[in-house]
Each structure stands twice: as structure tokens, then as C-alpha cells.
1. With the condition kept exactly as written, say whether any residue in segment 216-235 is within 13 Å of the ligand (Cβ to nearest atom) and without any contact (Cβ under 8 Å) to a residue 40 or more places away in the chain.
2. Answer yes if at least one residue in segment 5-12 is in a helix (DSSP H, G or I) and open to solvent by less than 40 Å² (accessible area, probe 1.4 Å), and no otherwise.
3. Note down all Cβ pairs under 9 Å where the first residue falls in segment 189-212 and is over 28 Å from GLN251 (Cα atoms), the second is open to solvent by less than 40 Å² (accessible area, probe 1.4 Å) and more than 15 Å from the ligand (Cβ to nearest atom), and they're at least six residues apart or on different chains.
4. Hey, which of the helices (runs of 4 or more DSSP H) in segment 36-149, taking only ones fully inside, have at least 3 residues that are free of Cβ contacts under 8 Å to residues at least 40 places away in the same chain, open to solvent by 40 Å² or more (accessible area, probe 1.4 Å) and away from the ligand (no atom under 16 Å from the Cβ)?
5. Inspect segment 184-202 for any residue being closer than 20 Å to PRO325 by Cβ, touching a Gly at 6+ places or on another chain (Cβ under 8 Å) and open to solvent by 10 Å² or more (accessible area, probe 1.4 Å) and give the result as yes or no.
6. If I filter segment 306-359 down to residues being part of a loop (DSSP other than H, G, I, E, B) and without any contact (Cβ under 8 Å) to a residue 40 or more places away in the chain, which single residue comes out as most open to solvent (accessible area, probe 1.4 Å)?
7. Of everything in segment 290-299, what is touching a Leu at 6+ places or on another chain (Cβ under 9 Å), part of a loop (DSSP other than H, G, I, E, B) and open to solvent by 10 Å² or more (accessible area, probe 1.4 Å)? Give them in sequence order.
Amino acid sequence: MNSFKDLFETYNWDQTKKSIYAKTSDDVAHALSTKNRNLEDFKALVSPAAVPYLEQMAALSQQLTQKRFGKVVQLYVPLYLSNECKNICTYCGFSVDNKVKRKTLSPMEIMQEVSAIKEMGYDHVLLVTGEDNENVHVDYFKKVLELIRPHFAHISMEVQPLDREDYLQLTPYGLNTVLVYQETYHQEDYKKHHPKGKKSNFNYRLETPDRLGQAGIHKMGLGVLIGLEDWRTDCFFTAMHLQYLEKQYWQTKYSLSFPRLRPFSGGLTPKVEMSDRELVQLICAYRIFNEEVELSMSTRESENFRNNIIKLGITHISAGSKTNPGGYAVEPESLEQFEISDERSPEQLAQIIRAQGYEPVWKDWDNSLAQ
Ligand code: SF4
């Protein structure tokens, strides 16, 4: 098998969806009691049949997370470097057809943002850009990594998908982790939401995690944008992608995110609404299916939801986030990619974490030990 695409093409969306919705209470009970869980068990855990088992799922998820990760939650923060983008994505404030002021931070501006982030206590930063290969390219990333590497213990990146050779060039500059979300595995709907630009190439995006694995990246993050399509089916394909990658690239570590579509300037209404209870079900299902994977939550979710989810399986959480380039110090009033739901400071969130008997950690220990 050359890439995940070969496996993916043997599956049919509608049949997969039907098989998830056909799962029964017995299937869920089996998925909760077995020691060797497979993708059929994952289907049962995300199915409507699992809803009455939510408390049992939450207890198991908490127990498995504490066994593997201890009572620790790692904090990270995004640093938006640029909102320039050549793509149309129907759900994003930075889409090229959205008339917003475009900005790419200069080295001096980046350092202003870095100072503000360091003052908040962070040692783990996530670099974010739109997708504009003319202005924000591999050479730009190299310069940024060189600039900020002395200030952070862990650097993650969420930018346009790159070639394997590009990732090979960036890792010596201190790149630890790359996040690349498929947005949706529903190929026709993917085309509707990405009608223009390089991102409209479904397969290039689908094969990005393979290129990352081949480049020997330390960690990669997967996920879909919840709200574009049936979340149960989309998250099944995410779980299948994760299982495939873990087998192919066993030295790489993995994380999963589950962003729900948020309002933005000129925004799209979600096709599918996911309730808070359903998001809890998904988080627990991911943990019960995979005890090793990191589960990451952003400030898209509300204060109340984030307070309650800490104990159930989350390992990484952001706080105090700004989703606009220059948002921390340079240009706080510029347009955000999406609206933040939880506006608390990192220290306020750290207090909530401590109050629940967990320890907030500001650097990625896993990476520190690996170096
Ligand atoms: S989601 Fe990314 S690629 Fe799409 S418009 Fe927004 S910044 Fe550009």
C-alpha cells in the first residue's frame, strides 16, 4: 500500500454511515468490555446506540487517560503569522473571497508576539497561517523557526500541506509537530467547501500525513471540521486514518482534534449540529478506541464545556488564544479567523485545572524527553 488513499478508496461513505447507524446496544456493550478494540468497536462507540452508555464511557475514558497520561494537562497557544490565503473555504474568515485586510508578520512583529506569549507563561506554540505559497512559503517558515526556536520547548505548525522534501527541510529548524485536518472525508462535499485554490485537491491533502510520516516528523495531528458532514462518519474515517498511520509510521506520535464550526465574519451555517453531549461521546470514543493518542481542545468551545471536559480524556488545551495575525501585541483589533468562545486568560484556566486535581504543564514533556 502506497498511501492511505489506497485504503480509503476501498470504502463507500453511504455504506459506512449505514453500518454506524445500524450498531446495537449489544455492539456497544461489547466495545466497552473487550480488551482488543477494532474499528467496528469504534463505530459502536460513536453510534446513536451508545448514547445511553455515556456515563460508563466517560468513566472508562477518564480511567484510561489517567493510566497513560497521569493527571496532567498540557497548555499551548496559537501564534497566527499570516492571514493571506489563496483558497476559498466556505467556512473560514480568511477565505480569498472575504474582503479583509491581509497581513503577514515581519520578524520584528513576530518577536513582539513571542514576548507577549512568553509573558503568559507558554513554552509550546502552534504557528498558524493561511495558504499562500507566494508569500508564506518554506523559506519564510525556516526564518520564523530560526527566530523563535530559542524561545520555545515545542513548536507545532498548522499551515498549508507541503511536500515530503519540505518537511525534511523544516525539521532541522526545530519543527516538532504538524497539524493537518482533512476537514471532511466526504469527497463531494469537500469539493463544495473548497471550490478554488490548492486546497481543492482532496487527494493531496489526504496523503499529507503519509508524507509527514515518510519525513519522520515527531508528531502529527488529525481531525475534521465538525459541522460540514455527518460527524459520526467523518470521525470514523479519522479513526481509520489514525489506525493506518500508527501501523505505517509507528515512530511518530499522534494527536486528534474535534473543532466544531464556529461563527466568523460572512459565515456558513453548519449542515450538521453536534450537541455538547455528542462531543463528549466522541471524545470518550476516541480515548476508549486509542489509549495512546493525545486529544486536544481549543478555545472554540465554551468555558463551561471546557471546565467539564478536562477530566474526561483531554490531554492538551489552549487558552488566551487570538486567531488574528498580531492579535497578542501588534494589531489586536484585526479580524479573527473565527470567534473565540472561551476568553479566559491562561492563568485563569490553569487555576480551573488545578482545582480539579490536575497539573497544568506549559511545555511538551514528551518532546523534551525525546531530544
Ligand atoms: S481554512 Fe485555511 S486554507 Fe481555507 S480559507 Fe481559511 S486559512 Fe485559507
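The values are calculated or read from the model by the stated rules, or taken from the named source; none is laboratory data. None of the values given here were measured: they were computed from a predicted structure. Neighbour counts run over all protein chains shown; Cβ positions are idealised from the backbone, glycine included. The area values use the complete protein model at the heavy-atom level, side chains included, leaving out ligands, DNA and RNA. Shrake-Rupley method; radii C 1.70, N 1.55, O 1.52, S 1.80 Å.
1. no
2. yes
3. Partner pairs satisfying both residue conditions: ASP189/GLU229; TYR190/GLU229.
4. 54-69, 107-119, 138-148
5. no
6. Checked segment 306-359; the qualifying residue most open to solvent (accessible area, probe 1.4 Å) is GLU333.
7. Once the filter is applied, which keeps residues that are touching a Leu at 6+ places or on another chain (Cβ under 9 Å), part of a loop (DSSP other than H, G, I, E, B) and open to solvent by 10 Å² or more (accessible area, probe 1.4 Å), segment 290-299 yields ASN290, GLU291.
Rundown of residues vs (1) closer than 19 Å to LEU268 by Cβ; (2) over 14 Å from the mean Cα position of the chain (by Cα), yes/no style:
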{"site": "VAL178", "(1), (2)": "no, no"}
{"site": "GLU183", "(1), (2)": "yes, no"}
{"site": "GLU188", "(1), (2)": "yes, yes"}
{"site": "LYS196", "(1), (2)": "yes, yes"}
{"site": "ASN201", "(1), (2)": "no, yes"}
{"site": "THR208", "(1), (2)": "no, yes"}
{"site": "ARG211", "(1), (2)": "no, yes"}
{"site": "HIS218", "(1), (2)": "no, yes"}
{"site": "ARG232", "(1), (2)": "no, yes"}
